[in-house]
Amino acid sequence: MISAALSHIESIIGGELPATYRRFLADEVGDNDPCEITTVHGDSVYLYSYHHIIERNQTYKIQDAEPHVLLIGQDGNIGYFIRLGHNEAIYSVDLGALGCLEMDEEAKNIYLLRA
């Protein structure tokens, strides 16, 4: 079921989710509500479950500003993103500056984001 949901997300966003992120959603988040993690920098980030990803990306019009990224979580106004395709890194930027400022790399992959 989760695999089908992730494939559905990919068809809507028109890109492939990185393999490590797909595994994280399937194994760590599953059908749960957004999960909270503490990052290696001490920030509290709410990572969306696959149920919420499309809605959050549409709400913030993410693909209008950055067509090749996906909003996967938030810490207040700071959005956490992955790039579609094979890049596993996690990035962040203020949601109000999306498309204007360069994103900061937070971790090499989703598993390395948390403390």
Practice problem: Mind listing the long-range amide H neighbours of Glu16? Cut-off is under 5 Å, sequence gap 5 or more, other chains count too, H placed in the peptide plane at 1.01 Å from N. | Solution: Gly85
Quiz item: Between Glu36 and Leu112, what is the label-to-label distance in nm when each label sits 7 Å out along the Cα-to-Cβ direction?
Solution: 2.7
Quiz item: Taking every pair of alpha-carbon atoms in the stretch 1-110, what share in percent sits in each 10 Å bin, from 0 to the bin with the longest distance?
Solution: 15, 54, 30, 2
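Bear in mind that the values in this text are calculations on the coordinates, not laboratory data. Just so you know, these numbers come straight off a predicted model, no measurement behind them. Backbone-built Cβ (ideal geometry, glycine too); neighbour counts: all protein chains shown.
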